[in-house]
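The structure is given below, and queries will be raised subsequently.
Any read-out appearing in this document is the output of simple, stated calculations on the displayed coordinates, not a laboratory observation. These numbers were taken from a predicted model, which means no experiment stands behind them. Here the Cβ positions follow ideal geometry from the backbone for every residue, glycine too, while neighbour counts run over all protein chains shown.
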Protein chains: 4
Amino acid sequence: MKEKIKVGVLGATGAVGQKFVQLLAKHPWFELAEVAASERSVGKTYGEATRWFQNTPLPEHIGRLPMKPCRAALDCRIVFSGLDAAVAGEVEAEFAAAGYAVFSNARNHRLADDVPLVIPELNADHLTLIERQRSKRGGSGFIVTNSNCSTMFLAMALGPLHQAFGVEKVFVVTMQAISGAGYPGVASLDILGNVIPFISGEEEKIEIETRKILGRLTGDRIELADFAVSAQTNRVPVEDGHTECVSLKLKKPASIAAIKTCLQNFRGLPQKLELPSAPPQPILVLDELDRPQPKRDVMAANGMATLVGRIRPCPILDFRFVILGHNTIRGAAGASILNAELLVAQKKI
Amino acid sequence: MKEKIKVGVLGATGAVGQKFVQLLAKHPWFELAEVAASERSVGKTYGEATRWFQNTPLPEHIGRLPMKPCRAALDCRIVFSGLDAAVAGEVEAEFAAAGYAVFSNARNHRLADDVPLVIPELNADHLTLIERQRSKRGGSGFIVTNSNCSTMFLAMALGPLHQAFGVEKVFVVTMQAISGAGYPGVASLDILGNVIPFISGEEEKIEIETRKILGRLTGDRIELADFAVSAQTNRVPVEDGHTECVSLKLKKPASIAAIKTCLQNFRGLPQKLELPSAPPQPILVLDELDRPQPKRDVMAANGMATLVGRIRPCPILDFRFVILGHNTIRGAAGASILNAELLVAQKKI
Amino acid sequence: MKEKIKVGVLGATGAVGQKFVQLLAKHPWFELAEVAASERSVGKTYGEATRWFQNTPLPEHIGRLPMKPCRAALDCRIVFSGLDAAVAGEVEAEFAAAGYAVFSNARNHRLADDVPLVIPELNADHLTLIERQRSKRGGSGFIVTNSNCSTMFLAMALGPLHQAFGVEKVFVVTMQAISGAGYPGVASLDILGNVIPFISGEEEKIEIETRKILGRLTGDRIELADFAVSAQTNRVPVEDGHTECVSLKLKKPASIAAIKTCLQNFRGLPQKLELPSAPPQPILVLDELDRPQPKRDVMAANGMATLVGRIRPCPILDFRFVILGHNTIRGAAGASILNAELLVAQKKI
Amino acid sequence: MKEKIKVGVLGATGAVGQKFVQLLAKHPWFELAEVAASERSVGKTYGEATRWFQNTPLPEHIGRLPMKPCRAALDCRIVFSGLDAAVAGEVEAEFAAAGYAVFSNARNHRLADDVPLVIPELNADHLTLIERQRSKRGGSGFIVTNSNCSTMFLAMALGPLHQAFGVEKVFVVTMQAISGAGYPGVASLDILGNVIPFISGEEEKIEIETRKILGRLTGDRIELADFAVSAQTNRVPVEDGHTECVSLKLKKPASIAAIKTCLQNFRGLPQKLELPSAPPQPILVLDELDRPQPKRDVMAANGMATLVGRIRPCPILDFRFVILGHNTIRGAAGASILNAELLVAQKKI
């Protein structure tokens, strides 16, 4: 790639926004040219406006970028949205209408009929909804969304199994990291030494988004996958990494060995195209009795892998296993960037 | 009660042993007269032999008790066993053979045909196994066990529902406190900011013990309850309190309101007899969206309550809810003591 | 006391406010009659307006109290202020002007010439400033303040030593609990597994307040004690309890044994008067090598004790020791209540 | 360097040993050829014998290395010792006697007259003690030690100031990470949500080792630096990174600006020689009000930097500041490796 493509980040000062900035700062294809946030940041540099709390230093040249308002007048073709759901809906639509390629991490448009909800390893074909979106909404821009963070790892683990054996029922209980709640997010008085057995709206998202992602594209619409998901979500005092305990029933019989092979050997379009952010092996299967663990495994493949461990029979359904993934990388900013990379590689941007 | 009954604690220096000591120190019926542990403690006082880490001070008169070996020569009629499973089997059998009433928190004898595994609110009738035990093993002593800590709260919540509606299937995922692993137990490097999705032997215990407790006494044996349990267990950085996410299917239809009423109104023999350690209401139903939480609710009814919250429909089975209980009180030492109180109240000791 | 004295809490929904409510709910002399907070709470009950996060349940009758605005029209004679410093100054002055006895936990008036900054064990004589305050400001009400939370334990430990031997220099480094920052306070992303070596304004407060409390009343003013304090403050992931490492130089020679005796034997006016919230022994000296520890010792004397441990020589100054106290009880709400109890006992209210 | 130098690690399965293995696995000069530990590991591979808990995967070829006993029969010229102090003294002496260059992280030999205690940026000249050691003890091998982890960062920050202005008095209070206690080390029940104000032997080490490192080599012996150090040490629930609050008095007057410049501009021999593990700038001065923080800053310069922040006046002495460093990298294994690199660069090995 001769020249880097200019990109912008909406909501750049927030938790997901910062992760976008961190990942884009060293991206081989994209140049972070614009950072935008609410009006009260405008007039400051990014360094002044941001309470940077990533574990790598803020690159100096990015710290000097001037904050822009979230209006469709940024000097770039692609915008990544880390906006809060309270404002994301309208702002993202405005950017799309103005011709920008919008990669959104917000929930607002995920379930719209004409908006692709994409994990490139699993349902890259859903990106054809972009055409429907353009014809319905007009304009040359578009919105592509990635899933809720917990959904990401569940869908990733179910995807290959659904294709090979058909998923029939899924129970999932999550133990989610505090970074998933943004910043300042969860009060330390609420979570230190505690479990909070509730995350607003999260269970509903997992139960529906998984079915859209693994749904079938027929014509210009998505049929939800025909399996049922029951999700229970918890917040735990972990910094990064959502752990999920899954029990599932498949339509066709499968051995434990077959499940392992199916997950381990799975590769998708990002791997074939060798996209810069693609993990070489999207799903890592661990054999240790007590893994995956967020503290030890969350940065596998630079935070872009989905880890699966403890694959074993379920006394009621067919199988049980434990899933782990990095909620703000593969589960948020990294997922958006991978979506953008795919469209760039396919010359659709 | 005119005079207190002398009791002893086996494994008194360990984590469960200390909890026994703490609870017995102020018990209205029992007098902690003997503390026993491994040979290397013998010759010291309890205060010298113990790295006391409870959050109330060790009473001075107990600190002065001389450590005894775990041999059946203690000056008391009742012994509470907080012994490690590595030695509990043999030692407890020796005490029972020698005529002691042994209340054990160890797993060794729980599943034996002639050993009652009892939660007094639920299956006090199983205590008639004591007769079978005596006739089979000889001697005037006996062993009564209480369940694994996670099983306790699950069985407690399922008990009234099983009686009223019949339980058919149960999925449970636990998030268990570090105090459940004893002392020193879990290394801080392993659990600080982490989740460990594995606890050795725990899932098997939950899956079988629940069915024995809720099983039916027919003649002199227990028929396991005929429902299936699928358990997944996790260790989380919480000090006290096991949280459990449950999905269940009942045999008869029930409304959410009926479930709540059934749980809230449930009372058992310990409540009727007003046993000293009995929680006035064994199951507390919480209506707050984000409760129960270990840090906030674990000491309800002095750590003897089982808390149930978030009762709601399950998209696959019938209902889902979240359970919480204090793993070293109701889930261990307090449960043993309640068992002993019941037998004393029934004049069986 | 025949009839309880009606009291109110200003800022009742906040962290310190809730602690006031919790402690007053069972107070033998005071009846919590009024709860006040910002305008947006008015119209709700206390239960509706408050995200209660104490570890004991909110008493039902208090949950039903109607929220009042923080205006000097409450039906009580005494108000306790847990107000934020942003508003405390003006509101408290208004209540005092209107005749209320105001016991404030806020920093605003602490250093005013005519406002007593009181720890009843140490400088109850400073309460005579009330007269000066009344004559200067008019009105029959007054403001009495208690110290910053970290100052409390330092002043308490230094007080008896200053009286007996004269304090000359003090170095103190604190490790402060998150509950000291209010609610929501410290973000979990900032403090989980971390130390923050800065608390805004805290070092200055410790360095000056300690000297005012241990200062001498001459005529109607306080001369600051003539020793120097150097404070460094840190936030650590502990829920309740500030730990402080102290090195100090005394004016007169003293042995370790003399220091211990001096601290242990110290009693003040609250102990003589047997005030309801007074710890029987205000300073507990621990001999264990590794104590005091917040998790294990913070609730000593219901959170009203100051604990001192590891008293040992300092290679540079005279002595070193470690101090611990409960920052929201003895260090905040409990201190205010003790001040009020003293004035009631002295018939000054 | 054409060919890598074979090195071995003693105590390779422990916490410091694992850090040696992790750092050596990718070292440009050294090839990890031998791993040794206690007899019970012999016969296993390193992968089998080790409960690996680093946050990067154990390289496969290292996992296959056979465990050797800690006897002086390893196929390498250099050994790094992560042995426990209980055995380090004798084993390290045996290896030195047999001709190995021993780089020890244990405390046993640090204070011996003929053993260099070296931080290469500060006192590389102390390495001439090797000659004295050889002539006294015989043999061609030798022992070089690095300091206790907390001492490392204190000495590093004091070194340039001592040279420029002369240090007269130092008060230091540490807040130390759990990884400093090895594995399993601190029990989670002891440290979760707690501070332990005591670390056995640590205060004495800091008070004496700092003075040896900054001492003067005269002839073939070290005169301790003539300043006094008072250290108080605490364990806090942080994974990696020791934070230290320092107050100090200098012999010559210095401005804050001069202090900053002195620290920031400091470079030592490792920087001049561009040793592979040398941080480009050994001391990083932070200007943010609330830094350094272990979670955010500990990996600066791959864990080899010493961070200094909050430089400000002290009301009693001259200056105060906060220090941070990575206790198992710069404070342990990385320090040993840097010592070895220096001797290799100087052709002394």
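Do the sum for chain B: with -39,500 (n - 2.57) for every DSSP H run of n ≥ 4, divided by all residues, what is the mean residue ellipticity at 222 nm, to the nearest 500 deg cm²/dmol?
Per the formula, -8500 deg cm²/dmol.
If the only charges are +1 at each Lys and Arg Cβ and -1 at each Asp and Glu Cβ, what is the size of the charge dipole of the stretch A:245-331 around the Cα centre, to the nearest 20 debye?
Dipole of the stretch A:245-331, to the nearest 20 debye: 260 debye.
Calculate how steeply helix D:202-213 sits against the longest principal axis of the alpha-carbon atoms of chain D, using the helix alpha-carbon long axis, and give the answer as 0 to 90 degrees to the nearest 10.
Helix D:202-213 and the main axis of chain D meet at about 90 degrees.
Collect residues whose amide H, placed 1.01 Å from N in the peptide plane, falls under 5 Å from the amide H of residue B:238; neighbours closer than 5 in sequence don't count.
Here the answer is B:178, since their amide H atoms fall under 5 Å of that of residue B:238.
How high is the relative contact order of the stretch B:149-326, in percent, counting Cα pairs under 8 Å that sit 6 or more residues apart?
It comes to 27 percent, rounded to a whole number.
For a protection proxy built on the mean count of beta-carbon atoms within 10 angstrom, sort A:45-52, D:101-108 highest first, please.
Highest-to-lowest ranking by the protection proxy: D:101-108, A:45-52.
Let me ask something else about it. May I ask which residue of C:314, C:201, C:279 lies farthest towards the positive end of the charge dipole of the stretch C:149-326, with charges of +1 (Lys, Arg) and -1 (Asp, Glu) on Cβ and the Cα centre as origin?
So the residue we want is C:314.
Turning to a different aspect of this structure: Calculate the mean, over all residues of peptide D:176-188, of how many other protein chain Cβ atoms lie within 10 angstrom of the residue's Cβ.
Mean shielding count: 5.
Further question: What does the structure give for A:332-343 when I average, per residue, the other chain Cβ atoms found within 10 Å of the residue Cβ?
Working: counts 0, 0, 0, 0, 0, 0, 0, 0, 0, 0, 0, 0.
Per residue, the number of nearby Cβ atoms from other chains is 0 on average.
Shifting gears a bit: Going by amide H atoms built from the backbone, whose H comes under 5 Å of the H on residue A:6, apart from near neighbours?
HN-HN under 5 Å from residue A:6: A:31, A:77.
Another question, if that's okay. Using a label position 7 Å from Cα in the Cα→Cβ direction, what is the ascending list of nm distances from residue D:47 to the same site in the other copies?
4.6, 5.4, 6.1
Something else: Using a ≥ b ≥ c from the Cα gyration tensor of the protein assembly as shown (square roots of the eigenvalues), is it rounded, prolate or oblate, where a/c under 1.5 gives rounded and otherwise the larger of a/b and b/c decides, a/b for prolate?
rounded
Between residue A:77 and residue A:163, 0.36 nm times their residue separation minus their Cα-Cα distance comes to what?
27.5 nm
If a/c stays under 1.5 just call it rounded; otherwise compare a/b with b/c (prolate if a/b is bigger, oblate if not). Do that for the stretch C:149-326, with a ≥ b ≥ c from the square roots of the Cα gyration tensor eigenvalues.
Values: a/c = 1.41, a/b = 1.35, b/c = 1.04.
Judged from the Cα gyration tensor, the stretch C:149-326 comes out rounded (a/c under 1.5).
Please list, in order along the stretch B:182-198, the HN-Hα scalar couplings obtained from phi with the Karplus expression 6.51 cos²θ - 1.76 cosθ + 1.60 (θ = phi - 60°), rounded to whole Hz, x for Gly and Pro.
Listing the rounded values in order: x, 10, x, x, 6, 5, 4, 4, 7, 10, 4, x, 9, 10, 10, x, 6 Hz.
Gap in Å between the Cα centre of the stretch B:162-201 and the Cα centre of the stretch A:136-203?
The distance from the Cα centre of the stretch A:136-203 to that of the stretch B:162-201 comes to 23 Å.
If the label for residue D:255 sits 7 angstrom from Cα along the Cα-to-Cβ line, what are its distances to the same label in every other copy, in nm to one decimal, shortest first?
Going from nearest to farthest copy, the values are 5.1, 7.8, 8.0 nm.
Ok, one more. What number comes out for the charge environment of residue B:56, summing +1 per Lys or Arg and -1 per Asp or Glu over other residues with Cβ under 12 Å away?
+2
Distances in nm, one decimal, shortest first, from residue B:90 to the same residue in every other copy, taking the label point 7 angstrom along Cα→Cβ.
3.2, 7.6, 7.8
Please report how far the C-alpha centroid of the stretch B:228-258 lies from that of the stretch D:252-275, rounded to the nearest whole angstrom.
The stretch B:228-258 and the stretch D:252-275 have Cα centres separated by 60 Å.
Would you mind counting up the charge near residue B:200? Only other residues with Cβ under 15 Å from its Cβ, with Lys and Arg at +1 and Asp and Glu at -1.
Computed value for this residue: -1.
Right, something else. Assuming a ≥ b ≥ c are the square roots of the Cα gyration tensor eigenvalues, decide whether the stretch C:220-315 counts as rounded (a/c under 1.5), prolate (otherwise, with a/b larger than b/c) or oblate.
Note, shape of the stretch C:220-315 comes out rounded.
Also, quick follow-up: In B, who owns the beta-carbon nearest the axis carrying B over to C, and how many Å from it?
Taking the axis that maps B onto C, the answer comes out as B:193, 2.
Please give every one of the aspartates and glutamates within straight-line cross-link reach of residue C:249, meaning a C-alpha to C-alpha distance under 16 Å, and leave out same-chain neighbours fewer than 8 residues apart.
Reachable aspartates and glutamates: C:168, C:207, C:226, C:318.
May I pose another question? Relative to a virtual label point 7 Å from the Cα of residue B:255 in the Cα→beta-carbon direction, which members of the stretch B:308-323 show backbone nitrogen distances below 18 Å?
Output list for this probe position: B:311-314, B:318-320.
Of the DSSP beta bridges with both residues in the protein assembly as shown, give the percent that are antiparallel, rounding to the nearest 5. Show your work: numbers first, answer last.
Details: 106 of 243 bridges.
The answer is about 45 percent antiparallel.
What is the sum of charges around residue A:224, taking Lys and Arg as +1, Asp and Glu as -1, for the other residues whose C-beta is under 11 Å from the C-beta of residue A:224? Write down the numbers at each step before the final one.
Numbers: positive: A:211, A:212, A:216, A:221; negative: A:207, A:209, A:223, A:226.
Its environment carries a net charge of 0.
Moving to a separate point now. Where does each of A:15-27, B:281-293 land if you order them by average Cβ count within 10 Å, highest first?
Packing order, densest peptide first, comes out as A:15-27, B:281-293.
Return the long-range amide H neighbours of residue C:105 (sequence gap of 5 or more, or a different chain), with a cut-off of under 5 Å between placed amide H atoms.
C:81, C:83
Helix B:334-345 against the longest principal axis of chain B: what's the angle in degrees, Cα atoms only, rounded to the nearest 10?
70 degrees
Using +1 on the beta carbon of Lys and Arg, -1 on that of Asp and Glu, and nothing else charged, what's the dipole of the stretch C:149-326 about the Cα centre, debye to 20? Please list the in-between numbers first.
Numbers: 19 positive and 19 negative charges, 113 e Å.
Around 540 debye, computed over the stretch C:149-326.
Right, next: I'd like to compare B:143-149, D:267-273: which one has the highest average count of other Cβ atoms within 10 Å, and what's the full order after that? The partial results should precede the final answer.
Values: B:143-149: 27.3, D:267-273: 16.9.
Sorting B:143-149, D:267-273 by mean packing, highest first, produces B:143-149, D:267-273.
What is the average number of partner chain Cβ atoms found within 10 Å of a Cβ in C:236-246?
Mean partner-chain Cβ count within 10 Å for C:236-246: 6.
Taking the 0 to 90 degree range and rounding to the nearest ten, how far is the long axis of helix A:85-97 tilted relative to the main principal axis of chain A, both from C-alpha atoms?
Approximately 70 degrees, to the nearest ten.
Step through the table entries A:251/A:272; C:169/C:252; D:169/D:251, compare each Cα-Cα distance with 18 Å, and write down the pairs that go over it. It would help to have the intermediate numbers written out before the result.
On the way: A:251/A:272 28 Å; C:169/C:252 12 Å; D:169/D:251 9 Å.
Over 18 Å apart, Cα to Cα: A:251/A:272.
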